[in-house]
Every structure is written in structure tokens, then in C-alpha cells.
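So the structure is just underneath, and the comments pick up after that.
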Amino acid sequence: MDNFKYIVRHLVVNISPYLVLSSYILDVVYALFNITNVGRTRAVVLDVHVAFGYMYTSFDIILNTVAIILIMFTRKQDSGVTILLIGRVIHRILFTLWTMFFYFLLDDAFDVGCILILLAAKIRQNKRHEWANLDSWKLELLLLVGRLCMCSIFIVWLDEEASNIFYIISVALLFPLSLGLSCQIFSFLTICAILYHDIFSNQASFVTGWDDSFLSVEYFMVMFSKLGGFLLLSVLGGGKWSIDGFRNRKAEKRDQKSGYRLMKNQTTA
């Protein structure tokens with residue numbers, strides 16, 4: 001049983017990063033093969049010369065490609081995440097519909113949370129020397145901020161005014177995960193909720209209801225990013241700054257006291 005858990009954990013840690021970055025990879029591939037259309041579209045949206053649209057699109061492709069390579073294939077994940085977030089901020093500033101700013105803010109918060117959780121997972125996996133102490137406050141901060149940012153998905157669901165049952169489900173998942181209570185269980189429940197919300201609910205029309213097949217593929221990639229983020233969270237847990245972490249510390253102290261008492265009794269005897 002322990003071997004099975006280890007295998008599952010190993011698969012999740014190795015596959016989930018690709019899921020988290022799948023939407024970014026798709027954007028790079030699509031922009032690379034359709035740079036003319038993408039560049040012109042962005043130029044029209046920004047109301048600038050088409051040359052600027054091509055320049056920005058090329059810059060965006062290079063930026064995201066470098067970031068993905070750094071995150072996935074090197075030990076400079078922090079640099080890759082920084083580059084990815086810089087590109088995200090620039091894109092959001094240029095192309096945000098300010099009338100929907102709140103929605104875009106929550107959407108970006110979730111993406112940032114997934115990236116931070118991915119960074120934490122990569123750091124643990126590679127055991128970098130400067131992060132050798134896995135209980136360091138920096139790693140715990142990544143887990144805390146990443147978890148809280150990922151909880152923004154529930155606020156988006158609440159704002160959608162879906163069915164009463166799904167409203168209750170969103171609230172029931174929001175509070176435990178934001179507090180870091182039983183992260184593994186509630187992360188798996190959230191994965192089930194994502195599958196229901198994105199495929200089996202009234203959102204199902206977004207799966208195939210597009211004239212452009214790319215949009216359907218993009219919809220799936222975004223869903224895979226969500227699944228990858230919560231899979232990583234289920235493996236990493238809430239960290240020390242969570243209810244789970246507090247309970248684990250109490251259990252460790254209790255075990256230490258029990259061990260100390262046992263040694264003391266044996267010495268006395």
C-alpha cells in the first residue's frame with residue numbers, strides 16, 4: 001500500500017506541472033503558428049500600428065518559452081516563475097476589459113496560485129541547496145499564498161450565481177481550503193467539482209460550442225491547469241501555516257513528550 005501511494009505521489013508530482021503549464025504552452029504554440037493573425041488582432045485591440053502587434057506577440061512568445069523551459073527543465077524555477085508572472089502582468093495591463101476587472105483579477109489570482117504551488121513542488125523535488133531546509137519560511141509562504149490565491153476559483157463560482165447546490169459546494173470547499181484543513185481530501189473534492197462545473201454543468205456548451213476548434217482545446221487546457229494545481233496542492237498539503245500544519249506540530253510535540261517520558265522511565269528503572 002505504501003509503495004502504491006509513493007507511485008501515485010511520484011506520478012502526480014511529475015505530471016501535474018505539465019498540466020499547470022498546459023495553457024501557457026498552448027498559447028505559445030498557437031501564437032507561433034498564427035503570429036500574423038495574433039499580431040494583427042492585438043494591434044487592433046490596442047489601436048496601434050500592426051508592427052507593434054507583431055513585436056509584442058514575438059516578445060510574448062519568447063518570454064513564455066523561456067519561462068516554461070526554466071521552470072520545467074532547469075533548477076532556476078524561481079526565475080522562470082518571475083518571468084512568467086511579468087508576462088502575465090504586462091498582458092493583463094494591455095488587454096484587460098476594465099469593466100470586468102474583478103473577474104480578471106480573480107482569474108489571474110488563481111493562475112498565480114497554481115504557479116506558486118508549482119514552484120513549491122519543484123523546489124521540494126529538486127532539493128536545491130539554498131532551500132535545503134524544507135520548513136523554511138519562504139517555502140511556507142509559497143504554500144500559503146499559493147493556496148489562498150487558488151481559493152479565488154470558489155469566489156468566481158459564487159459570483160456566477162449557479163444552482164443552489166453548487167453554491168453550497170463552493171462555500172463548503174472555500175473555507176476548509178483557505179484555512180488549510182484536510183487539504184488532500186478537499187483538493188480531491190475540488191477536482192471533482194471542477195470536472196462537474198467545466199464539463200457536466202451548464203458550462204458544457206463551452207467544450208464544443210465554438211466555431212474555432214482552438215477555443216475548445218484552450219478550454220480543456222485551462223481545465224487541466226486547474227486540475228494540475230489542485231493535484232499538487234493535495235500532495236504538498238497546506239504547509240506549516242495551516243490548520244493541518246498546526247495539528248501536525250501538536251502531534252509531533254505529543255510524540256516527543258511521550259518518547260521523553262518513556263526514556264525517563266527506562267532510565268529510572
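The values are calculated or read from the model by the stated rules, or taken from the named source; none is laboratory data. Note that this is a predicted model, so its numbers are computed, not measured. Cβ sites come from the backbone with ideal geometry, for glycine too, and all protein chains shown count toward neighbours.
Apart from one condition, ILE243 fits all of (1) loosely packed, with under 14 Cβ neighbours inside 10 Å; (2) over 23 Å from VAL20 (Cα atoms); (3) modelled with pLDDT of 80 or more; the exception is (1). Among the residues of segment 62-85, just one is under 22 Å from VAL48 (Cα atoms) and in contact with a helix residue (DSSP H, G or I) (Cβ under 8 Å, 6 or more places away or on another chain), namely LEU63.
Report the residue count in segment 11-60 for those that are of a type in the set (Ser, Thr, Tyr) and in contact (Cβ under 8 Å) with a residue 60 or more places away in the chain. Explain how you work it out, then say what you get.
Step one: of segment 11-60, the residues of a type in the set (Ser, Thr, Tyr) are 16, 18, 22-24, 30, 36, 41, 54, 56-58.
Next, from what is left, pick out any that are in contact (Cβ under 8 Å) with a residue 60 or more places away in the chain: 16, 18, 22-24, 30.
The number of residues fulfilling the criteria is 6.
Each row is one residue, and each column tells you yes or no for (1) within 22 Å of LEU11 (Cβ to Cβ); (2) out of contact with any Phe, Trp or Tyr (no Cβ under 8 Å at 6 or more places or on another chain); (3) at pLDDT below 85; (4) among the hydroxyl-bearing types (Ser, Thr, Tyr).
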residue	(1), (2), (3), (4)
ALA204	no, yes, yes, no
PHE214	no, no, yes, no
VAL217	no, yes, yes, no
MET221	yes, yes, no, no
LYS226	yes, no, no, no
SER234	yes, no, no, yes
GLY237	yes, yes, no, no
LYS253	no, yes, yes, no
MET263	no, yes, yes, no
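With respect to being at pLDDT 90 or above, of a type in the set (Phe, Trp, Tyr) and farther than 30 Å from GLY239 by Cβ, TYR18 falls outside the description. Condition test on LEU195, is it among the hydrophobic types (A, V, I, L, M, F, W, C) and under 17 Å from GLY238 (Cα atoms)? No: the conditions fail for LEU195.
Looking at segment 212-227, which of the residues that are in contact (Cβ under 8 Å) with a residue 60 or more places away in the chain and farther than 16 Å from ILE194 by Cα is surrounded by the most Cβ atoms within 10 Å (Cβ to Cβ)?
VAL217
Of the helices (runs of 4 or more DSSP H) that lie entirely inside segment 1-53, those containing 3 or more residues that are in contact with a helix residue (DSSP H, G or I) (Cβ under 9 Å, 6 or more places away or on another chain) and more than 19 Å from GLU218 (Cβ to Cβ) span 2-20, 35-46.
Counting only residues that are surrounded by 15 or more Cβ atoms within 10 Å (Cβ to Cβ), under 17 Å from LEU215 (Cα atoms), of a type outside the set (A, V, I, L, M) and over 24 Å from the mean Cα position of the chain (by Cα), segment 1-41 holds 0 of them. Looking across segment 135-171, the residues that are at pLDDT below 85 and surrounded by 12 or more Cβ atoms within 10 Å (Cβ to Cβ) come down to SER136, LYS138, LEU139, ASP159, GLU160, ALA162, PHE166.
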